[in-house]
Structure formats: C-alpha cells, structure tokens
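Data block below; observations after.
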Amino acid sequence: MSSKYIGPKHKLNKRFSQGIIGKYPINFNKGGFSLKKSSKYSRKKNSLYFTSLYEKQKLKFSYIITEKQSIITFKKAKALGNDSGLTFLKLLELRLDSILFRSDVFITKLQVRQLINHKFVSVNNVVITSPSFECSIGDEVSVKGKYFSKISEGFNCP
C-alpha cells in the first residue's frame, strides 16, 4: 500500500479551497465545483484541533510528504532552535522537489518527483533519485534530456 495520495487531485483542491496540487488557480465555479454553504467542507465553528489538523494535512498534501517524513523534519527544525515553525517550512522548501517546482518550469510537484525518480536530475553532477534530498545553498541542480533545454544548463539553489 502506498502512503502517497493517489486519488483525484481536484478533490484535494476543492477540499482546501485552493490550488494545492498545481501552480495554476482553479476556478471552483465551473466544471462541477461549487463551494456552497452546505458543503461538507464548510463548518460553522472550527475547533483548535480541527484547524491544526486541517493545516497539517494541507502541508502534507502540498509538499507530498508522509507523516513520518513530517515528524522527522519537524524534529530537525526543533533541534535547530529559534522559530521551529519557520525553520520547518525552510527545510521543506530546501527539498529537491520543492526547489525544482519553484523554478517555474514544471506545473505540478508530481511531474518533478517523476523526473527525479527516473534519474533525470543531478545535483553537483551527481544523479539523485530521492525527491526528499535536502539541498544546501549554492548547490547546482541540473536536469538532463532534450526536452528540458530550458533548464538543462542548470541553476544554483537560492
């Protein structure tokens, strides 16, 4: 059994009322999406537990991480000190799949993860096959293949 969500992606976008999966905003008023007051995703009063669970699930789905990965990353952020929430987000943004997704070449993180798994991505001239690889500042990320000429020359991590 896979721990990655493999169901309909538009249902996630509807559930969180924003474009979680892709970069482009989704018009929820057309194509069968309607966020009515009586929707099962809308509640009258949200508890603190519901709000924290909702935000955690939103992070997990948008960064495509498992519960175990999020716990490990949060423990690492907590050990680094300072503001653990901000450090947690920084560590999530330093992942290889997040860096390539933010490069404005790919539409979804699932595309990026597939490229990494199929050995099209290298960091500092070493092929990486794990989307959760943590890049450091100054690493050179390059994508090989004739279809990726737009970024095949590589770019530096911010």
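The values are calculated or read from the model by the stated rules, or taken from the named source; none is laboratory data. The structure presented is a predicted model; accordingly, all values stated were derived computationally and were not measured. Positions of Cβ are generated from backbone atoms using ideal geometry, with glycine treated the same way; all protein chains shown enter the neighbour counts.
Things worth noting here:
Here's the yes/no breakdown for (1) out of contact with any Asp or Glu (no Cβ under 8 Å at 6 or more places or on another chain); (2) under 26 Å from Q57 (Cβ atoms):
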| site | (1), (2) |
| --- | --- |
| A79 | yes, yes |
| G85 | yes, yes |
| F88 | yes, yes |
| L92 | yes, yes |
| R102 | no, yes |
| H118 | yes, no |
| N124 | no, no |
| I128 | yes, no |
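- Of the candidates F133, F106, the single residue that is of a type outside the set (S, T, Y), closer than 19 Å to I64 by Cβ and at pLDDT 90 or above is F133.
- Scan of segment 69-118 for residues that are at positive phi and in the same structural domain as G138 (by TED's automatic domain parsing), ordered by number: D104
- For segment 69-84, the set of residues classified as of a type outside the set (S, T, Y) and free of Cβ contacts under 8 Å to residues at least 40 places away in the same chain consists of I71, I72, F74, K75, K76, A77, K78, A79, L80, G81, N82, D83, listed by residue number.
- Filter result for K58 (surrounded by 13 or more Cβ atoms within 10 Å (Cβ to Cβ), of a type outside the set (A, V, I, L, M) and touching a strand residue (DSSP E or B) at 6+ places or on another chain (Cβ under 8 Å)): no
Residues checked against (1) exposed (fewer than 13 other Cβ atoms within 10 Å of the Cβ); (2) under 24 Å from I116 (Cα atoms); (3) of a type in the set (K, R); (4) modelled with pLDDT of 60 or more:
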position: S2; (1), (2), (3), (4): yes, yes, no, no
position: I20; (1), (2), (3), (4): no, yes, no, yes
position: N27; (1), (2), (3), (4): yes, no, no, yes
position: S38; (1), (2), (3), (4): yes, no, no, no
position: S42; (1), (2), (3), (4): yes, no, no, no
position: S52; (1), (2), (3), (4): yes, no, no, yes
position: K75; (1), (2), (3), (4): yes, no, yes, yes
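- Residue match in segment 88-102 (condition: more than 14 Å from the chain's Cα centre (by Cα) and either in contact (Cβ under 8 Å) with a residue 60 or more places away in the chain or farther than 15 Å from V141 by Cα (or both)): no
- Complete set of residues in segment 85-103 that are of a type in the set (S, T, Y) and modelled with pLDDT under 90: S103
- For segment 51-84, the set of residues classified as among the aliphatic types (A, V, I, L, M) and outside any helix (DSSP H, G or I) consists of I64, I65, listed by residue number.
- Segment 107-124, subset in contact (Cβ under 8 Å) with a residue 24 or more places away in the chain and under 17 Å from K4 (Cα atoms), residue nearest to the chain's Cα centre (by Cα): K109
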